[in-house]
Amino acid sequence: MARYVLLRLLQAIPMVACVVILVFVLLQFTPGDPVQAIVGDYPVPPAFRAAIVLQYHLDDTLPVRLLHFFINLLHGDLGYSYQQQEFVATLILQRAPRTLLLAASAFVIGVPVGIGIGLISATTRSGNVDRFWTTAVLVGYAIPGFWLGQLLVILFAMQLGWFPTQGMAPVFSRASGTAFVLERVRYLALPAITYAVYEATRVARLMRASTIETLGAGYIVTARAKGLSRGAIIRGHILRNSSLPVLTVMGYAFGVAMGGAVLIETVFSWPGIGLLLIEAIRNRDNQVVVGVVLFISLAVIVMNLIVDILYGLLDPRIRAGR
Amino acid sequence: MRGMLGRLAGTRYGIAGLLIMLVLVLLAVFAPVLAPYGPRQQVGISLLPPSRAFPMGTDNIGRDMLSLVLISTRASLLIGVTAALAALLVGGTVGMLAGYWRGTTEAVLMRLAELFQILPVIVVVLFAIALFGSSFWLLIAAVALAIWPLEARLIYGQFVNLRQREFVAAAIVADMPAWHIVLREILPNALPPVIVQVALDASLAILIESGLGFLGLSDANMVSWGQLLFPAQTYLQSAWWMSVFPGVAICIAVIGLNLLADGLNEVVNPRAGQRLVGLPE
């Protein structure tokens, strides 16, 4: 097992390196002055310009620049946002827990609901039940998350006044203890539900397809031949085997979610990584844009690594296969 | 191709998808004739609720929402379809090269495809737009840049399979040039599942563009459904119609393309989704 983990770790390193190179190459294609491309559309004081040229070795050849791009990153230095007067890494670390909270809530609600719908849809005796859920899932899939967010705000925040329209907490709050938690939950509810619908529709589609595939497997024939009841087959054989591929995909999706649901965070002004990215793009604060993109890639790669290792723990066949 | 259309119309989802897309394309083509007003024309007081004169109300600067939604059909569909085709062209070429020549070409190209798939699609698009801006063509290039790996992997898989078939061996023995084998022998056989993916990609592209429009990052010189949702965000309290109607239009287009893809999938592989054993009653 230790060998497997080590192997997977070693495989992840070149991936990270490649992503960094890809970002570096894309940056080279940016039109105009490289210093301006790093700072964004701001007048750059000469001293700051000189510091950047020195830090990124902009006067040197391409390989040297790439090398120093790496060295800076290895020092954990994602650069300095001239506009926000703050280190990019600090900005990202401030936002990450908020994105984590939103994403985790959405997955905790969305994934079980999606698995349930997919399972019902694939195993029901009634064609109508299957059609109902398949249609509902298709509609849910077609609704852009940010638009669903707007609709929920119109209905539940503005018309009914049950939830706040946006933000993560009141500007001024004296609540503590349980009241504090409840207050935060009210702010979290609408964005988390919007996000959960998005995840649930994707999970439901995957789960339905995966369950239908499981239904054709040899061990289902065996289970039937043994005379097991419908419920026993679904619980004992189908649920677990069909959930595995879904959980892999969701592991990956959770890595992606660390990048923040850009659109949903914007609708609800949820101050996470996604909103940071959008603000940076709007303000042409490219140093932050590059930092966030690198952070998201790293999150996805690490999450994939964790999923693979968990998979190896759960399923000995995978360990042996490598 | 005609036979395919006929069979498509015979599937339950295919016919629905075909009809929806047909209506949308007709609306897009005849939008200037059908729309009661121009897209930049102020026709009444701002933020009028839906009424007989303005069935979808007016927006924050007094334009007719119905006309705007109709005109937007053009940009949204055009971007969806063009980006999907661009992704097909790039991904298809990569997939063909990797799947036919294998070896080093395969290793390099397919790792590159995987690399692009690490980042979430929307982040790739946003990154490209942040660096290069968002005019109409750049937008299409950015979306294609984000979704080409889907096409590449699919076509690659097809080529790896078909490459081992007898008719390819026969063509090689007959000393046909490589381009002939790739484009005339293998490609036509590889296409059917690819068409399904193109329909799905187009729906994805429409969703991405509406997201960008909503963020205010789409091409400012055109009108699309997503762009109508950008000002709507400010007026959620006073004018729900600014948000509701463009959103419904996006949903209809995405549903239409997905139904079309489901129908095509049924035609391309008729046995998919058939339950082989099933459960006891």
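The values are calculated or read from the model by the stated rules, or taken from the named source; none is laboratory data. Because the structure is predicted, anything quoted here is derived from the model rather than measured. Don't worry about glycine lacking a Cβ; one is built from the backbone with ideal geometry, like all the others, and counts go over all protein chains shown. The area values use the complete protein model at the heavy-atom level, side chains included, leaving out ligands, DNA and RNA. Shrake-Rupley method; radii C 1.70, N 1.55, O 1.52, S 1.80 Å.
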By average Cβ neighbour count within 10 Å, what is the ranking of B:146-158, A:300-312 from highest down? B:146-158, A:300-312
Whole angstrom only: what separates the Cα centroid of the range A:245-262 from the Cα centroid of the range A:128-206? 18
Rounded to the nearest whole Å², what accessible area per residue is found for the range B:200-252 with the 1.4 Å probe? 29
Just to be sure I understand the model, the point goes 7 Å from the Cα along the line to the Cβ. What's the resulting residue B:5 to residue A:50 distance in nm? 7.0
Using the Kirkwood formula on alpha carbons, the hydrodynamic radius of the range A:215-276 in angstrom works out to 14.5
Please report, in whole Å, how far the alpha carbons of the range B:169-231 spread along each principal axis, starting with the longest. 63, 21, 13
What Kirkwood hydrodynamic radius do you get for the range B:151-281 when you take the inverse of the mean 1/r over all pairs of distinct Cα atoms, in Å? 18.4
Regarding the range A:1-89, what are the three Cα extents along the principal axes, ordered largest first, in Å? 54, 28, 19
What distance in nm lies between label points placed 7 Å from Cα along the C-beta direction at residue B:164 and residue B:47? 6.6
Crossing angle, helix A:273-282 versus chain A [Cα axis fit, 0-90 degrees, rounded to tens]: 40
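Using Cα-Cα distances under 8 Å and only pairs 6 or more residues apart, what relative contact order does the range A:156-267 have, in percent?
Dividing the mean separation by the residue count of the range A:156-267 yields 26 percent.
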Find the all-direction average of the projected area of the Cα convex hull for the range A:246-303, expressing the result in square nanometres with one decimal place. 4.0
Efficiency of FRET from Cβ geometry, residue A:169 and residue A:89, R₀ 25 Å, rounded to 0.05: 0.55
Of all alpha-carbon pairs in chain A, indicate the percentage at a distance above 32 angstrom. 45
Under the 0.36 nm per residue contour assumption, what length would be gained going from the current alpha-carbon distance of residue A:129 and residue A:41 to full extension? 26.1 nm
Using the Karplus curve 6.51 cos²θ - 1.76 cosθ + 1.60 with θ = phi - 60°, what ³J(HN,Hα) values do you get for each residue of the range A:213-230, in whole Hz, with x for Gly and Pro? 5, 4, 4, x, 6, x, 5, 6, 4, 4, 4, 5, 4, 6, x, 5, 6, 3
Any idea what log10 I(q)/I(0) is at q = 0.23 Å⁻¹ for the range A:111-184, Debye with uniform C-alpha scatterers and no solvent? -1.01
Rg/Rg_ref, the range B:1-58, where Rg_ref = 2.2 N^0.38 Å and atoms are Cα: 1.72
If R0 is 60 Å, what FRET efficiency do you get for residue B:220 and residue A:230 from their C-beta distance, rounded to 0.05? 0.55
What net charge is computed for the residues neighbouring residue B:203, neighbours being all others with C-beta under 12 Å from the C-beta of residue B:203, Lys and Arg scored +1, Asp and Glu -1? -3
Size of the B/A contact, given as accessible area buried on both chains, probe 1.4 Å, in Å²: 4900
Cα radius of gyration and Dmax for the range B:1-153 (Å): 20.9, 66
Using a 1.4 Å probe on the protein chains only, how many percent of the accessible area of chain B belongs to carbon and sulfur? 65
How high is the FRET efficiency from residue A:282 to residue A:239, r the C-beta distance, R0 45 Å, rounded to 0.05? 0.50
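Local charge sum around residue A:296 (other residues, Cβ-Cβ under 14 Å, Lys/Arg +1, Asp/Glu -1)?
Once positives and negatives cancel, what remains is 0.
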Got a sec? What order do B:54, B:167, B:136 fall in by accessible area at 1.4 Å, biggest, i.e. largest, first? B:167, B:136, B:54
With a ≥ b ≥ c the root eigenvalues of the C-alpha gyration tensor of the protein assembly as shown, is it rounded (a/c under 1.5), prolate (a/b larger than b/c) or oblate? rounded
Ranking by accessible area, most exposed first, for A:13, A:273 with a 1.4 Å probe: A:13, A:273
Taking the Cα centre as origin and putting +1 on Lys and Arg beta-carbons and -1 on Asp and Glu beta-carbons, what dipole magnitude results for the range A:16-88, to the nearest 20 debye? 80
Summarise the accessible area of chain A (1.4 Å probe, protein heavy atoms) by the percent that is carbon and sulfur. 68
Longest to shortest principal axis, alpha-carbon extents of the range A:184-322, angstrom: 65, 39, 24
Chain B, Gaussian network, Cα under 10 Å: of B:119, B:22, B:131, the residue fluctuating most is B:131
The simple spin-label model distance between residue B:195 and residue A:179, using points 7 Å out along Cα→Cβ, in nm, is 6.5
Going by the alpha-carbon gyration tensor, a ≥ b ≥ c the square roots of its eigenvalues, is chain B rounded (a/c under 1.5) or, if a/c is not under 1.5, prolate (a/b greater than b/c) versus oblate? prolate
